[in-house]
Each structure stands twice: as structure tokens, then as C-alpha cells.
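Take a look at the structure below.
The values are calculated or read from the model by the stated rules, or taken from the named source; none is laboratory data. Please read all numbers here as calculations on a predicted model, not as lab measurements. Note that each Cβ is placed from the backbone with ideal geometry, even for glycine, and that neighbours are counted across all protein chains shown. Protein only, heavy atoms only, side chains kept; ligands, DNA and RNA dropped before computing areas. Shrake-Rupley method; radii C 1.70, N 1.55, O 1.52, S 1.80 Å.
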Amino acid sequence: MVKNILTVAAALLCSSSFCNGFAIRSPMAAAPKGISLTTSRISAVTPLHSSTNGIMPYYNELMEKIPSKKVIDAIEKSKGPVVASDLATSAGISLTQARKDLTTLASLTRGDIAVSSDGDLIYTFPNDVNSVLSANSAKFRAMTTWKEKILPPLFYATKVGFGVVLLVSLFAIFSSIFFIMTSGGGSRDDDDRRGDRRGGGMPMGFGGFWGPSPFDFFYYRPYYSRYYYSPGDSRSRRDPEEMGFLESVFSYVFGDGDPNGDVEERRLALVGEMIRQNGGAVTAEQLAPFCDEAPMPLDNGEEERAYVDESFVLPIVTQLDGEPQVTEEGDIVYIFPELMKTSASKSVLPNRSSEERRESRILRRAGLDEDAPTEVIKRLLMMNGISTRGALERGDLVDILEKVLPEDNSSDVDVDVDDPTLLLEREYKFSLASSIQTILAGGLGVVNLGGALYLGNLLGQYALYGVRLPSYMGLVQQFFPLLLGYAVLFNAIPFVRNIWISRQNVKIQQRNEVRQSWKSLLEQKAGSVKRKMMAAARFGKKLKQLGSGGRDIVFDTSKDFAEVETVKQKDDMKEFDKLLEEKAWE
């Protein structure tokens, strides 16, 4: 029996293309004299990228798939053995992706793998996965350096540079208009032009373009790459007032990214936990609050309708290895046997109360982690000169923090995206810059376009007679098409983007409304919904904990084979003694 299980485990590990870092030695294979078979194990060997056979090792290292930061963080937070279902639920990824990521990390970090009696793989990793990955993977080091040290200042420089281009364009256009008007150019009738000149374009001035302080322009804050609602990084949440003017110009034109960049991760994480809480068997109605294409349920007063087409649940069912089962009443129930296996002693995502979700939002708005210690909250308040007198508990500190934080105008106020009972999407915002900054950026864009059109009219008169302006004026004349194109796009892009945002927000509102309607229907538990939920409950099972005490472990790379066998025999004897005692009492 043990031989068959080990053979299956070895085949599973070898069949994966991600197992290049392991060498499998069968414990039943023949061995030279003097070498005990009991020392056979799955040992981590030198990864492929350390080989010296030509260029292929470098190619393999370049093409290796490094798991995402959220996956690595989820493994570090687990602080113990991990199975694919735990990782899928905590990181919000599919079970297939979870298996691939675990195998890849086990290879790169020299992690250990245990095999249960049912053939399930249990992974154990070093405490600091990030440090081990940095030491073993050049690609991980390069990606970390790029994302954390190079990309933030580079993207910030791009955003600031876009605002600087606006100021340069304004200066070039209006200085050119001023020089042309004061030099008496722009027409063959120079005398009439001089007599009718009314001060040119310069009296408009540039003093108002600089805002309250020029130092605000170059106040560096390395927020980049994600929206205001950045998944997995609470530090990127900030008050829009902190955005410098030059950054706000970029925000006005291009926006601030996708507010729902983490929607798929949140979907799978919430669904996975909901399925576990329901014994691994759910109905389409229970999955509907997390789907995108679910139909609107009928009102209570309307005739009950049977939803024959349940295709809207297929993406979730496929990613979490679900299986449809038909009940005796002809209803369909979806069971997820793989999700009912865990190595953790408690649920990955506890069902938090509304007060806990409120505290979470306040801490994120303050730039703190959701599980920030009470001392950190108190220290933050004291560093900002805020009195904590009378605050005896953590909740008191959170209340004080909420009062001193700037007003949150984000969509989180109206939409509780942390509600674990359904998936809610955030609406797009035109810009995260303050209202004053947005108006100023838009106004300068309009002024810039008007000046470019007027300058084009003046330069067109010179071009009509083939006159090429000298020096600085000639340079502006040469690059005028670029100035005009910048001015047009600066105003056209926000206009088109505003229309697109309005349409997207309508779709988001409709999807949120459908999900909330399904949640309300589930809470009522009436009619066919109640019948199907009761049928699903009969298919439910308890969450099976793998690797607890080593009882169901038949092979472990961190232990000798003999040691595993000894533990197995002791567990079997204890189980036998327990059965004898039960028979004796009977």
C-alpha cells in the first residue's frame, strides 16, 4: 500500500513542469551495499539556473513564473503548512494556479512537501519566503528592484513631466504671441498692426499658474501603478489633497487607474470562504452575489421562476474545481471537495462584523495595516500632536483617528466593499485630485488650446509668404504641430474618458444592484431558494484538516522514511486501542 502511494506521489511531482528543482528517488529502489533504504527522500537539488550547460539555464530562469506578491504574502502569513485550497482562498486565485505557485515556490525556496494518505500535497516553507527567494532567484531580485526602487520614481517623474510639459507649452505659446505682437509681425500691414495692438497675450500672466507654493509641485510621493484602492497595499491609500499640482495634471488627463484592479482576487477569496462555511456544497443562488452575469431575481410578488440557465456560475465553478450534482428534486447543487481540505487550524477569512469592517477601512485610510497593533495607532496619533487622553481601548483610538482624518469622498462610503456576503465593485472617479486642482488643470488646458489656435493663426500668416522666423521664434514655429497636438489631446482625452467613466459606472451600479438583490433573496430563504439550500446542506461535509499531528502523513521530505513509518505505526496502534476501548464499553 505504502509503495503504491509513494509511486503515485512521485508521479504527481514529476509530471509537473514546475518540479525541475526536485530529484525523486524511490524508497523501494535497489541501493548499493551499506546504504539504508530508509534514508530515501525527496531532496531539493540545485535549480536549473545553476547549471552550466550553454544558454538554456539562463533561458529557463528568464521564463520561470514567479508567483505574485499576494501569493507570497499569503504564504508568509500562514506561518505553517499550506495546501492549495488554503492558498486559493487567502490569495484569491484559482486552485490550478495555487498548485503551480506552491510547486514553484517549493522548488525555489527548498521547501518541504508531505504527502497525505489520500495523495494530497502539504507544503512547508521557510519563515521569510521573500529573503529566500531573493537569495535563490535572480529574476525575483530583478523584479523586486524594478517594482520597488526603479518604477516608483520613474512613474512619478513621468507624471510630473507631463505637468511640466503643460507649463512649457503655455510659456512657449504665449511668449511667442507676445513677441510676435510686440515685434509688429503677423501681417504685411505692419503699421496698422502696431496701431491696433492691445498689449498682446502676455498680460494674462503666469503668476496664477503656480498655485499656493511652487514647492508643492515637486513634493515627491512615490504613489504609483495602482488606483486609490490599491489591492494588498494600504500605504497607497491617501488623501487627494496630498497630490501635487503637477501630478494632478496627469490625473486630470489620464485618471488614476482601475479602482477594481483586485476584483477577481476578492471574488475568489470571498467565494472560497463562503463555500467552506456551507460545507463545500452551494447553489447557484448562493454564488450569484459574487458573479458578474447573474440575472436580476424576480420580486417577491411575481411568479416564482426556475433558473434553468445557470451558466453565470461557470467561471467560479471552473476555477475552484467545482462539480455539479443533481438532487432528487431535479435541482443542481455545486460541490467543491478540494476546498474542504485545509492545513490551517481555523478559517482563513473569518466572517467579520460591520464594526470590524469599519475599523479596517479607517486604518487603511490612515495608511496602516488592518491588523496594526494598538500601540502603532496610538503612536501615529501622538506623532501628529493629537491627544489620546481618555482612550482606554483600541476602539476609542480608532474613533479618534476617524474624527481627525480628512473627509473620505470615495465610493467606500456608500459601498461596503468589505462585506463578505457579496462582491461589490467601486465606481470610477474622474480624478483623485482635489476640486481646485482639477479645475485649475482643466482651465489651463483650455487656455493652452486657445493660445495654440491663436498662435497658429499668426504663424499661418508667416507661412503663407514662406517666412521662417529666426532664433527662438523659429524653434517654436518648427515644433508648433507638436504644441497644437498636445493642446488638442489634453482637452480631448478627459472629455472622452469622462463619457467612458459614466458608462462604466452605470454598469457597475447595475451589477452591484443585482448582487444586493440576490443577497436579499437569500436572506429571505423563501420558495425554491430554501428548498435548494436545504438540498445543498445534505451534500455538505466538514472541513478536513490535513497533517494534524502527522497521523495521515505517509511521506515527508523533511523526515526520514523510517521516522514517518514509526509515527504511522504509533498512530495506527492508538487507533486500534481506541476501537478496543469502544468495544469493551459496548
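Worth a mention:
- Complete set of residues in region 382-397 that are part of a helix (DSSP H, G or I), open to solvent by less than 80 Å² (accessible area, probe 1.4 Å), of a type outside the set (G, A, S) and farther than 22 Å from K77 by Cβ: D396, L397
To keep it simple, each residue is scored yes or no on (1) of a type in the set (S, T, N, Q); (2) out of contact with any strand residue (DSSP E or B) (no Cβ under 8 Å at 6 or more places or on another chain).
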site	(1), (2)
K69	no, yes
G80	no, no
S90	yes, yes
T96	yes, yes
K100	no, yes
T103	yes, yes
D112	no, no
S116	yes, no
L121	no, no
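- Test set (1) assigned to a helix (DSSP H, G or I); (2) under 20 Å from Q545 (Cα atoms); (3) modelled with pLDDT under 90 - H49 fails condition number: (2)
- Checked against (1) under 29 Å from K530 (Cβ atoms); (2) small (G, A, S); (3) at pLDDT below 85, G322 passes all but a single condition, namely (3).
- Test: residue in region 488-505 that is open to solvent by 90 Å² or more (accessible area, probe 1.4 Å) and more than 30 Å from I177 (Cβ to Cβ): yes
- Among residues of region 110-149, those that are in a strand (DSSP E or B) and aromatic (F, W, Y), counted: 1
- Test: residue in region 359-381 that is modelled with pLDDT under 80, open to solvent by 70 Å² or more (accessible area, probe 1.4 Å), over 25 Å from E264 (Cβ atoms) and touching a Ser or Thr at 6+ places or on another chain (Cβ under 9 Å): no
- Failed item in (1) touching a residue at least 24 places away in the same chain (Cβ under 8 Å); (2) over 30 Å from L453 (Cβ atoms), with R141 passing the rest: (1)
- Matching option when the condition is modelled with pLDDT under 90 and either surrounded by fewer than 17 Cβ atoms within 10 Å (Cβ to Cβ) or of a type outside the set (K, R) (or both), among L432, L449, L444, L440: L432
- Unique residue being open to solvent by less than 50 Å² (accessible area, probe 1.4 Å), polar (S, T, N, Q) and at pLDDT 55 or above when the list is S16, S40, S85: S85
- Cβ pairs under 7 Å, 6+ apart, first in region 113-124 and under 15 Å from L339 (Cβ atoms), second at pLDDT below 85: D120/L546
- Every pair of residues 6+ apart whose Cβ atoms lie under 6 Å, when the first sits in region 384-397 and is modelled with pLDDT under 80 while the second is open to solvent by less than 60 Å² (accessible area, probe 1.4 Å) and not in a helix (DSSP H, G or I): none
- S117 meets all of the listed conditions (1) surrounded by 15 or more Cβ atoms within 10 Å (Cβ to Cβ); (2) within 15 Å of V82 (Cβ to Cβ) but one, namely (2).
- Checked against (1) out of contact with any Cys (no Cβ under 9 Å at 6 or more places or on another chain); (2) in a helix (DSSP H, G or I); (3) touching a residue at least 12 places away in the same chain (Cβ under 8 Å), Q97 passes all but a single condition, namely (3).
- Any hit, region 144-153, residues being open to solvent by less than 20 Å² (accessible area, probe 1.4 Å), at pLDDT below 90 and under 21 Å from the mean Cα position of the chain (by Cα): yes
- When region 83-94 is filtered for residues that are under 21 Å from the mean Cα position of the chain (by Cα) and not in a helix (DSSP H, G or I), the ones remaining, listed by number, are G92, I93, S94.
- Among the residues of region 505-537, the ones that are of a type in the set (D, E, K, R), in contact (Cβ under 8 Å) with a residue 40 or more places away in the chain and within 27 Å of Q325 (Cβ to Cβ) come to 4 in all.
- Residue list for region 277-289, filter: surrounded by fewer than 20 Cβ atoms within 10 Å (Cβ to Cβ) and part of a helix (DSSP H, G or I): Q277
- Of all residues in region 157-165, none satisfies being β-branched (V, I, T), farther than 18 Å from L246 by Cβ and either in a helix (DSSP H, G or I) or open to solvent by less than 60 Å² (accessible area, probe 1.4 Å) (or both).
- Residues satisfying the stated conditions in region 442-485, i.e. at positive phi and either of a type in the set (S, T, Y) or assigned to a helix (DSSP H, G or I) (or both): S471
- Only residues that are open to solvent by 50 Å² or more (accessible area, probe 1.4 Å) and part of a loop (DSSP other than H, G, I, E, B) were counted across region 308-329, and they come to 4.
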